[in-house]
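For reference, the structure is listed below as structure tokens.
The values are calculated or read from the model by the stated rules, or taken from the named source; none is laboratory data. Please read all numbers here as calculations on a predicted model, not as lab measurements. Counting neighbours? That spans all protein chains shown, and the Cβs are built from the backbone with ideal geometry, glycine included. Surface areas here come from the heavy atoms of the whole protein model, side chains and all, with no ligands, DNA or RNA. Shrake-Rupley method; radii C 1.70, N 1.55, O 1.52, S 1.80 Å.
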Amino acid sequence: MSDDLCKLTAVEAVALLKKREISPLDLVEASARRIAEVEPAVNALPTLCVDRARDHAKRLMAGKDREAEGEAGWLAGLPVSIKDLTDVAGVRTTYGSPIFANHVPARSNPLVERIERKGGIVMGKSNTPEFGAGGSTFNEVFGRTRNPWNTSLTCGGSTGGGSVSVATGEVWLAQGSDHGGSLRRPGTYCSTVGIRPSPGRVTRGTSNNLYSPQSVQGPMARNVPDLALFLDAMAGFCPQDPMTFDAPAVSFSAAVANPVAPKRVALSVDFGGRFELDHEIREICARMARRFEELGCIVEEVSPDFGPVDEVFMALRSQQFVVDREQQIEQHRDKIKPDIIWNTELGLKQATSRLAWAERERAALFRRMVEFFQKFDLFVTPGAPTAAFDVNLRAPATIAGKKLENYMAGSTLNSAITVAGSPAVAVPCGFDQYGRPVGLQLVGRPRGEAALLQAAALYEKLVSLDRLLPIDPRPGTVPPSP
């Protein structure tokens, strides 16, 4: 029975919960058994809080959480994972850093409080790179998280543990965050779905960068209806986050249940020749993006003008690192990985005029994107420039045979969209010759998550790759570099 429960989609499980055909405790126990079964192979949820989850389930079943919105709201007692960057009261939360290896917060992040009010039950903390910095999930506290399609490969980062936890059926939904692709790259590498919402759609609560649109919180899931369900549970105004706004009058779940196809779709595999991609990724993504034509869409190969977006992103990212990490580096430099020190010092060295230039360029790009979306309903790109690489590497060794300049150089397809301020969702589109997942990045209008999720749902139904999950972890070897 537990195996059958873990194979349910989140939407199916919630429907059964609301009918009282299964209980929250049934799902917690099924989740705990599945975690015990697959966790040794993948290391996705290194910190568990199963007793806390059982207590929460029992409170829901006894009707003691009736103050929860809508009597447990959207999730009705569904087990979820929370990224180890996000505080959960009474649960070890390390941020992937030796500095906080034994940290246990007294209070949850406002987003976790919201998820629990909406009926989500926290099963554990998902692994992340140190302070979320990196495109491969590893840290000195818990080690490496492995890709379930081939455990010799990375799952991506930085919501890598979250992506693996849903791909393997450990939980039904995973909370994560995204700065330069952290909800999108793990989705692409693990054949799950993850959405970077518009800034302000979901609270960030305790961030020191509350007025920056760069980093956002969001959901990961096995399919688009489940993703919409979790976004509904997360979305809405939060008094602790000045960028947040009210949830939509029509839920994302309702929008996905009655999808409307986009009329005009823009496709670019490399943003007009701007970014490098491995040849096979280029070919697969170009071919699979054309399948939108089967939905009656007009697909045109065209890209917005992104200007010097990679330089803009690094200037803005480095400034955010100064806000977040300057004081920690001063106190604990020997315990922080070199990539974070490099990124922070880059910010400390850059001139005020450089930041002013980056802000002007970001504003100009946003205006160009608004104009672009007056003509097109959807912008489609590859989800990543390479397939998943060796789990022991911090980034792909090369892209299209060229060495990377820094650890973020493999994320430019994603980080460009971060700067643009648009929501974006990763959807699976196939596999390469070595069986590694390949995905697309679908980009929508600012605050246009409903239409974006509708397009993603229609595409998902067309290719049917979501039916392959949950997956049992598979051992394998590292394919040769292209």
Shape of segment 292-358 from its Cα gyration tensor (a ≥ b ≥ c, root eigenvalues): rounded if a/c is under 1.5, otherwise prolate when a/b > b/c, or oblate?
-> prolate
What order do W357, W149, W172, W74 take when sorted by accessible area (1.4 Å probe), most exposed first?
-> W74, W357, W149, W172
Which of the lysines could be linked to K335 by a straight reach, that is with a Cα gap under 30 Å, when you skip same-chain ones fewer than 8 residues away?
-> K83, K125, K349, K403
Could you tell me which of rounded, prolate or oblate describes segment 298-435, using a ≥ b ≥ c as the square roots of the eigenvalues of the alpha-carbon gyration tensor, with rounded for a/c under 1.5 and, failing that, prolate when a/b is larger than b/c and oblate otherwise?
-> oblate
Lys and Arg at +1, Asp and Glu at -1: add these up for the other residues within a Cβ distance under 14 Å of S215 and post the number.
-> +4
What does the convex hull of the Cα atoms come to per residue for the chain, in Å³?
-> 128 Å³
Accessible surface, per residue, of segment 253-373 when the full set of protein chains is kept, probe 1.4 Å, Å² = 51 Å²
Please give the net charge around R317, taking every other residue with its beta carbon less than 12 angstrom from that of R317, where Lys and Arg add +1 and Asp and Glu add -1.
-> -2
Among the aspartates and glutamates, which fall within straight-line cross-link reach of K18, defined as a Cα-Cα distance under 15 Å, with same-chain neighbours fewer than 8 residues apart omitted?
-> D26, D65, E69, E71
For segment 7-44, which GluC sites (Glu not before Pro) are in a loop by DSSP, counting at most 14 other Cβ atoms within 10 Å?
-> E21
Solvent exposure ordering (accessible area, 1.4 Å, most first) of L355, L469 = L355, L469
Classify segment 374-482 as rounded, prolate or oblate, taking a ≥ b ≥ c as the square roots of the eigenvalues of its Cα gyration tensor: rounded when a/c is under 1.5, otherwise prolate if a/b is larger than b/c and oblate if not.
-> oblate
How large is the accessible surface per residue of segment 63-192, computed with a 1.4 Å probe and reported in Å² as a whole number?
-> 22 Å²
Once every DSSP H run of n ≥ 4 in the chain is given -39500 (n - 2.57) and the sum is divided by its residues, what mean residue ellipticity at 222 nm do you get, rounded to the nearest 500 deg cm²/dmol?
-> -11500 deg cm²/dmol
